[in-house]
Amino acid sequence: MRKYAPVNFPDVRLEGDFWRERLDTVLARTIPSQHKKLAEYGILQSLKLPQPPPPLRFPRHANGFTVQVFWDSDVGKWIEAASYALAHRRDADIEARIEAIVDDFEKAQAPDGYLNCWYLGREPEKRWTNLRDNHEFYNAGHMLEGAVAYFQATGRRRWLDIMERYLDHIYSVFGAEPGKKHGYDGHEEIELALIKLYHLTKDRKHLDFATYLINERGKQPPHFFDVERQEREARGIDTQRYVFPNYEYSQSHKPVREQDKVVGHAVRAMYLYTAMADLAAELGDGALKSACEVLWKDVMDTKMYVTAGLGPSAHNEGFTWDYDLPNETAYAETCASVALIFWAQRMLHLDLDGKYADVLELALFNGALSGLSRDGTHYFYANPLESDGRDTRWEWHTCPCCTMNVSRLVASVGGYFVSAAEDGVAFHLYGGISTSVGVAGTEVALREISNYPWSGDVRIEVSPESPRAFDVKLHIPGWASSFSLKVNGEALTLTPVNGYVTINRTWTRGDVIELDLPMVAERLYANPAVKMDIGRVSLKRGPLVYCLEGADNPGGPVQRFKLPRQSELKAQTRSDLFSGLPVVTISADAVAIDNHGWNETLYRTDPPREERATLTALPYYLWANRGTHSMVVWVPEA
């Protein structure tokens, strides 16, 4: 089912200013500072299984749950992000820190292969008793992804060998065979990690177990989590209270092929759908592919923020009902946008349909990238689309999943740009990269040169070692109302098919493609069913969604502005906002509400005075980097 496959990120060099700056920040500041926080909060110490166990750093909630059960996953994600960084730039200090962590995991591993430091250190008698809440598989999945990435970056197998021993233990306990537990985790993740391991090792048992977990999910009666709870009660083990009314929270309310509405916890859902799309490709499973397409449409039609944020509710960190997209209280967890990128990439490689590349790009530049500060050491867990100025970035979080999720995304972003097949290459993103791929029996050097996302002028150099005929496919983003195309200076007239133009010719060394994607600042309007945005407009230029922030619009909260429909939107490149970093802003003539004469009056019969003003909008991902200010994405129209 899959013809094109992504070029692995270590083989893609980031050369454009935009992503090079973000990558350098992650390498130099984010990853070292995250390791420091893992130590500061006792997470690294927990791997040593100190006895007696120290008091909980984060006490149990009223339902009996503590986020410390996730600590192994945080370490696994840090290793993964750090390993991606090593693929760009070897660092003996970072490698030594990873090796020290691997030492601790190796010493902690039980003789039978089991490896979860929460249970080994605190509750060894309770292991495999509460997958619904405590997520041993989820932890193992992130540890496994870290092990795969570390092996790919360094060639060192020890961490991977430890995890494979753990998996052999898991396979001996869980599965469809008689005498084994029939179950799965409350938080999906290991499924997509197992498919990564299968791609690395080609060992079918890993793909088979991922398939088992997907197929088992949601089977009932009886429901696995109910059986698990009854087994705990029979053993006299205190059970944690389940705080949600049904199993939609964990997408286990029905078998996955029967699911047609996106429900529950947003990150869990995206991880599940990513694995489903992976399996659809590996197994040629049309039913899984069809289910993914139905679920994708549901998200796109009724549940995604204009920034590609997902999940309006903090209560379940996820979805509520169709068109429920509040702005100021938007949860839109950074992890959810990162996971949406994972899913979009898998869907893209099922059909090479540009609608998936559009969402991948949107989530990458907006919903995900907003989670990391300019300095690389502060984060957003939730990403609201409006703020009164009280929202600030975290130095850390009690559940620091988003911190490493955004750093591992940036460190591996090169893997999302280009795909290759036997008879062609496909560009999905632009931003300045170079790579080399084998196509049509020869090695082809590719270099894409652009100032994307600030400019849509793209130059691609195609240099095969020997002349060959093959396809070069170029994504024409959905936001592009027009485009022009040249090869070696000669204009081409091609019509996009499923969001891609295909240039088929015999390519020779030094051939050049010129793609022009005019970037025009434009207004976006929401479906009237999104009642929060009725009478409001958002601004977008190219792949970037914009917002108004108080730092650029002094004189009161930015909520005072109205944007007349007839006002011209003017784009301007500025280097005075972020220490010399070039940024394209949007300005427009506007109307501003004046608070003159209100003093301590709450209500009055006279309307407030309006005055002419100029508003300035900047890319959403950059907000909250210059102190505390009000912010709004959806601006009232005058």
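The values are calculated or read from the model by the stated rules, or taken from the named source; none is laboratory data. On a predicted model such as this, the values are computed, not experimentally measured, just so you know. Heads up, the Cβs are rebuilt from the backbone with ideal geometry, glycines too, and the neighbour counts pull from every protein chain shown.
Assorted remarks:
- Residues located in region 305-318, provided they are touching a strand residue (DSSP E or B) at 6+ places or on another chain (Cβ under 7 Å) and either without any contact (Cβ under 8 Å) to a residue 40 or more places away in the chain or part of a loop (DSSP other than H, G, I, E, B) (or both): 306, 307, 311, 316, 317
- Residues that are within 23 Å of residue 285 (Cα to Cα) and buried (at least 20 other Cβ atoms within 10 Å of the Cβ), drawn from region 239-256: 250, 251, 252, 256
- For region 510-542, the candidate set comprises residues that are acidic (Asp, Glu) and under 30 Å from residue 632 (Cα atoms); within that set, the residue that is surrounded by the fewest Cβ atoms within 10 Å (Cβ to Cβ) is 522.
- Pairs, first under 29 Å from residue 327 (Cβ atoms) and touching a residue at least 24 places away in the same chain (Cβ under 8 Å) in region 508-533, second basic (Lys, Arg) and crowded, with 18+ Cβ neighbours inside 10 Å, C-beta under 6 Å, six or more apart: 519/541; 521/541; 522/540; 524/540
- Test: residue in region 281-291 that is in the same structural domain as residue 333 (by TED's automatic domain parsing) and either buried (at least 23 other Cβ atoms within 10 Å of the Cβ) or of a type in the set (Ser, Thr, Tyr) (or both): yes
- When the residues of region 535-579 are filtered to those that are aromatic (Phe, Trp, Tyr) and not in a loop (DSSP other than H, G, I, E, B), the one that is nearest to the chain's Cα centre (by Cα) is 546.
- Region 4-58, subset among the charged types (D, E, K, R) and more than 24 Å from the chain's Cα centre (by Cα), residue nearest to residue 118 (Cα to Cα): 48
- Inside region 449-493, residues that are within 26 Å of the chain's Cα centre (by Cα) and surrounded by fewer than 17 Cβ atoms within 10 Å (Cβ to Cβ) make up a count of 2.
- Check on residue 192, closer than 28 Å to residue 90 by Cα, under 24 Å from the mean Cα position of the chain (by Cα) and either surrounded by fewer than 21 Cβ atoms within 10 Å (Cβ to Cβ) or at pLDDT 95 or above (or both): yes
- Region 63-100, residues that are at positive phi and buried (at least 24 other Cβ atoms within 10 Å of the Cβ): none
- The single condition among (1) farther than 17 Å from residue 307 by Cβ; (2) part of a helix (DSSP H, G or I); (3) not small (Gly, Ala, Ser) that residue 532 does not meet is (1).
- Qualifying positions in region 165-179 - part of a helix (DSSP H, G or I) and more than 13 Å from residue 106 (Cβ to Cβ): 167, 168, 169, 170, 171, 172, 173
- Of residues in region 54-76 being part of a helix (DSSP H, G or I) and among the aliphatic types (A, V, I, L, M), the one farthest from residue 186 (Cα to Cα): 75
- Complete set of residues in region 497-509 that are farther than 20 Å from residue 439 by Cβ and either over 31 Å from the mean Cα position of the chain (by Cα) or crowded, with 16+ Cβ neighbours inside 10 Å (or both): 499
- Scanning region 328-340 for residues that are under 11 Å from residue 383 (Cβ atoms) and either touching a Phe, Trp or Tyr at 6+ places or on another chain (Cβ under 7 Å) or assigned to a loop (DSSP other than H, G, I, E, B) (or both) yields 330, 331, 332, 333, 334.
- Set 362, 350, 325: member being assigned to a helix (DSSP H, G or I) and either of a type in the set (Gly, Ala, Ser) or closer than 19 Å to residue 266 by Cβ (or both): 362
- Look at (1) assigned to a loop (DSSP other than H, G, I, E, B); (2) at pLDDT below 95 and you find that residue 10 fails only one, number (1).
- Cβ pairs under 9 Å, 6+ apart, first in region 15-34 and closer than 21 Å to residue 429 by Cα and modelled with pLDDT of 95 or more, second polar (S, T, N, Q) and assigned to a helix (DSSP H, G or I): 26/407
- Checked against the criterion of being aliphatic (A, V, I, L, M), more than 23 Å from residue 293 (Cβ to Cβ) and touching an Asp or Glu at 6+ places or on another chain (Cβ under 9 Å), the candidates 162, 195 yield just one match: 162.
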